[in-house]
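No value in this document is a laboratory result; all are computed from the given coordinates. What you are looking at is a predicted structure, and each value in this text was computed from that prediction instead of being measured. Positions of Cβ are backbone-derived with ideal geometry, glycine not excepted, and every protein chain shown enters the neighbour counts.
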Amino acid sequence: MVAESFCKKQNNEIEIEAPFILGLQPSALVDNVAHVDLSLLDRIPGERGGSIPVAIEELEYILREVKSKNNNSNESDSSIMKTMAGGSVANTIRGLSSGFGISTGIIGACGDDEQGQLFVNNMSSNGVDLSRLRKKKGHTAQCVCLVDELGNRTMRPCLSNAVKVQAQELTNEDFKGSKWLVLRYAVFNLDVIQAAIALAKQEGLLVSLDLASFEMVRNFKLPLLKLLESGSVDLCFANEDEATELLRGEQNVDPIAAVEYLAKYCQWAVVTLGSNGCIAKHGKEMIRVSAIGESKATDATGAGDLFASGFLYGVVKGLSLEESCKVGTCSGGSVIRSLGGEVTSENWQWMYKQMQVKGLPTPDGLCK
């Protein structure tokens, strides 16, 4: 059975311009983002601050525990948990579309369930092109994002039995006319990632890769190194923990060494340092930029994803490496001011003001 597409053709068959930036997220994902105390984090498997897949039973157990806390508190449901379209790639391209006015689209698949419809509604309302999103019979992936009192997040995605786009379903038409492909490393999606990169390169796209999580780098380093060493990744994002895992066992394990290593294979290499900003290298130029320290993080969910939105905006607009990093810190700083990986209208306006203060060009028609 051929999966349904969300493509809406015009009656007169006018060809719609391809999105400038495409995101590949094989499985559409719905985030359940909740504030929790440390005692709950102690009762679930895996390390705090990381992201490891869980079975549906574990996901349901965590959701029950969160709801149990809600029932025992005076807080409203919405202040305890938010539900929205999620996933690193979805966060990045949604930010590019809604906050920076860059045309984006997503390649992947969602289920014919309530979560699938929520994903579609959320992404389309933020201006993301869904003509490459396949709708399939089955379940949409979910993730629980647990946020502690310091704003740090622990991710537990449930991808088992979720629908996804398969490598053999991808075609050149998915990529034709676009300029960038945004990816997130995941060994269980490696065949799809490799197929997407091959087709993207045939169509002349540049490729951006996020290293996903320190567990993913630690446990599946060899396929990642092979991917980087292939020379097919043009821009690579890593946070400090991922960079440490990437160089574990080497004599020098620090962010500068990680940037130098990534820059051997990628045109742009970026290591984000949380509250300490970021380090980036392009060609022979290396830049270190401070973070925006005005606001204590309410929730770090999506900080790296939105940093990528801002940095990519800078690159496609021809800004300098330093300016691109500064836009990244502004957009990364905007999302941590509220719960979840989606930036509110109020926080976009906060970001535009930060960009103006720093003398950075703001998106036309969006800054008020």
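Let me have the 222 nm mean residue ellipticity of the chain computed from DSSP H runs of 4+ only, each contributing -39500 (n - 2.57), with the sum over all residues rounded to the nearest 500.
That comes out to -11000 deg cm²/dmol.
Rounded if a/c is under 1.5, else prolate if a/b is larger than b/c, else oblate: which is the chain, with a ≥ b ≥ c the root eigenvalues of its Cα gyration tensor?
Rounded, since a/c falls under 1.5.
Multiply the residue gap between Ser232 and Asp191 by 0.36 nm, knock off their C-alpha separation, and tell me the result in nm, one decimal place.
So the chain would gain 13.3 nm between Ser232 and Asp191.
Pop the C-beta distance of Ile16 and Glu149 into the FRET formula with R0 = 45 Å and round what comes out to the nearest 0.05.
Efficiency for this residue pair is about 0.45.
If you take every DSSP beta bridge fully contained in the chain, what fraction is antiparallel? Give it as a percent rounded to 5.
In the chain, DSSP labels about 40 percent of beta bridges as antiparallel.
Suppose each label sits 7 Å from its Cα in the direction of the beta carbon; what would the Glu47-Thr344 distance come out to in nanometres?
3.3
Please work out the FRET efficiency for the pair Asn219 and Ile256, using the Cβ-Cβ distance as r and a Förster radius of 25 Å; give the result to the nearest 0.05.
0.50
In what order do Ile16, Ile279 fall by count of nearby beta-carbon atoms within 10 Å, going from fewest to most?
Least to most surrounded, the residues fall as Ile16, Ile279.
Is the range 107-241 best put as rounded, prolate or oblate by its Cα gyration tensor, with a ≥ b ≥ c the root eigenvalues, rounded for a/c under 1.5, and otherwise prolate when a/b is larger than b/c, oblate when not?
Oblate.
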